[in-house]
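Written out below as structure tokens is the structure these notes cover.
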Amino acid sequence: MSEHTQHNDQRELDHEPEFNRFIDAAMNRRNFLRTASAAGTVAFFATVPVAKAVAESMDNSKLMGFTAIPASTADTVIVPEGYIVERVVSWGDQLFPTSPKFAQSNDSKAQEMQYGDNTDGMTFFPLSEDRAVLVANNEYTNNKYLYTH
């Protein structure tokens, strides 16, 4: 028969119930988060007028090398004067010679071979003076438009 060794790791017990210590710790964390959040909010909003004043005093045309365009809600692409827009790729464009032509009713197998929708990230990697790679990330699908059947 094996001998059972009992380990009595009894520490000096606090007279305060465990639940009360848990509540105290939670309240301390909550107060810390509340205070830190308030301090962060105050710090953020304190800088807004300063940032706005600096931005208004700068000549935006010198920052990027072109004249800024005004904000717009038009359903079109707007570029600064002297620039052009060219479409590189659109949803449903064929990715391979064997890709089927786009039809909104294509099944998932066909769409695996076509350019996706909901591009939420693009990065341009220059390789040389006349070559580059444009990487796009199609994060998710929009089933409302993807599968009409």
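The values are calculated or read from the model by the stated rules, or taken from the named source; none is laboratory data. Computed from a predicted model, the values in this text were never measured in an experiment. Using ideal geometry, Cβ is built from the backbone for each residue, glycine included, and neighbour counts are taken over all protein chains shown.
Cβ-Cβ contacts under 8 Å between residues 6 or more apart (or on different chains), taken from a first residue in segment 65-93 that is closer than 27 Å to Ala103 by Cα and part of a loop (DSSP other than H, G, I, E, B) to a second residue that is modelled with pLDDT under 85 and among the aliphatic types (A, V, I, L, M), are absent. Here Ala74 fits the description: farther than 17 Å from Leu146 by Cα and either modelled with pLDDT of 90 or more or touching a Phe, Trp or Tyr at 6+ places or on another chain (Cβ under 9 Å) (or both).
Of the residues making up segment 94-135, those that are without any contact (Cβ under 8 Å) to a residue 24 or more places away in the chain, among the aromatic types (Phe, Trp, Tyr) and in a loop (DSSP other than H, G, I, E, B) are Phe96, Phe102.
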